[in-house]
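Heads up: the structure comes next, in structure tokens.
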Amino acid sequence: MALALMGTGVAQAQETDLETRLRELESTMQKMSKEVESLRSQVEAEKAARKAAEEAAAQAKSVVPVAPAAEAPPTRQELNEALATAQEAKEQAANMQQRFEQQGVQANFTDGVTFQDPRGRWGVRVMGRAQLDYRQFLGTDEANADTFSVRRARLGAQATLFKDYMVQVEGEFAGASATMTNGFLELQWFNPARIRMGQFKPQFGLEQTLLDLQSDFQERALTQNILDGNGLNYDRGIMVHGSPWAPMYYAVTLSNGTGVNTDEQARSAAEARTDSKDITLRGVIDFARVFEWRDSVVHAGLSYKNGKQANRQSAQADAFAAPSFRTEARGLTFFTPLSFFGAGGMTGEIDRTIEAAEFSSSWKSLRFTGEWWRAKYEGLRTPTVGSPFEFTRDITASYVSLLWLMSGETWSDFYANGYWQKIRPNNRFSLDSGGGWGAWELGLRYSAMDATDFRASNPSGTGQLSTATLVPTNKADAWTVQLKWIHNVYSRWLLSYVRTNFDTPVNVNGINVGHEDAVLFRAQVDF
């Protein structure tokens, strides 16, 4: 830990030098820009004066005056002097522009390593993150393995061209092989309606929309399984999003609905025929901004997602299945439904609808947040004997949380674009003289899920529980207590205790487990 603290101090010293250099460069660029604009204005003024003088002289020659002129037209010498002045101003402007260009590419370290053209025509940002975890399970050693884990290790780049085009590519290197998370182009022609195309995270719900860099807890609540269980955290498609009115933010997404790094498939006629795309909607509003309540945020929003899913019937593993659920501690997978497949008949395509309501309110250093999600799976089952019948299976999940910034930061300072941003400590941590202790946050969360529509007794192909490798449950809740230390805007540590209670005991490795207790730790750094 001593080595880590020393490393943190060195990094912060470097950060201070870089910030000082950045401020000096920005100040120099601003002064030069003002000088260039001033010289350009002088040139334009001289040109206008010269043109007006020449027009007056021409008019004086063509019109015979009937009375003495009030003012004598400028002489040739005066015109030459004005021309010389304008030429000198033009040369000074050109010299100033040349000096401006000779500054070269500007580099700084602000939320990523950024390289920028001094005229603002392009910019490139290199970014990365590492989340190093440890998970200790208490009392379930036979069912869970204590482990060190690299939760995420990502590296990416973002390029902006002429302020109108933004390209981002990001790779995940924590697994056995590298995979792409983000890979998209965004057209920023019109800020209230920006257009994003490629693979990205469709906005749905508050906690899902938050990047893991600024997540409230080490892992998201049980609600997140509804998307993660089908690999829907990322998807491929097109999204229009923006803020046409300052207190409001919206996002509309049309995507494959097949999940991360997956295009639409055509492995069977049924799969090719089911080419329905997912539509995802999210809209939020901050009432505190509407009514100008100081030091407060009153955020409310709704999300909706719908699309038809192909249901191949060649084998159990090929058919579509509702999502499985894993504990917030990334321990036991306690809910595993069978796919919508049955050897004794056929289940048609599945209509998937997911709805969510979100609310988050803050006042100074306190914040309360809650979300409620419901996923509905509807289909038509045609057994070999009997009449076709329709079925509907629901999964609901929710959470509430309370966060307290013990070091005194104000939550409303970190809210923008419809979600919470990274915390910037009032006094970043440093062992140097005059250094601070960063930001400290205490959090408490309760979450729950209910999938009692999925039972082992359901007809084949209509949403049954799997009992192949373990005896699962279809209902659970969890409590999380967490202490978060935010050293600076780039680094934080999290220490959590998570207790998950299963409605009925889960049998894993021949052992009945009624609950799971875990202690989690994460060291995170990003740039």
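Provide MET127, MET180 ordered by accessible surface of protein heavy atoms (probe 1.4 Å), highest first.
Ranking MET127, MET180 by accessible area, largest first, yields MET180, MET127.
Using a 1.4 Å probe, how large is the accessible area of MET166, given in Å² and rounded to the nearest 10?
10
Nearest 20 debye, what's the magnitude of the dipole of the stretch 201-261 about its Cα centre given +1 on Lys and Arg Cβ and -1 on Asp and Glu Cβ? Don't jump to the answer; show the numbers that get you there.
On the way: 3 positive and 6 negative charges, 47 e Å.
In debye, rounded to 20, the stretch 201-261 gives about 220.
Using protein chains only and a probe of 1.4 angstrom, how many square angstrom of TYR446 are accessible, to the nearest 10?
80
Working with all protein chains in place, sort LEU302, LEU470 by solvent-accessible area computed with a 1.4 Å probe, largest first.
Numbers: LEU302 115, LEU470 30 Å².
Correct descending sequence by accessible area is LEU302, LEU470.
The values are calculated or read from the model by the stated rules, or taken from the named source; none is laboratory data. A quick note: this is a predicted structure, and the numbers were derived from the prediction, not measured. Every residue, glycine as well, gets a Cβ built from its backbone with ideal geometry; the counts of neighbours run over all protein chains shown. The protein model used for the area step is the full one, side chains on, heavy atoms only, and it has no ligands, DNA or RNA in it. Shrake-Rupley method; radii C 1.70, N 1.55, O 1.52, S 1.80 Å.
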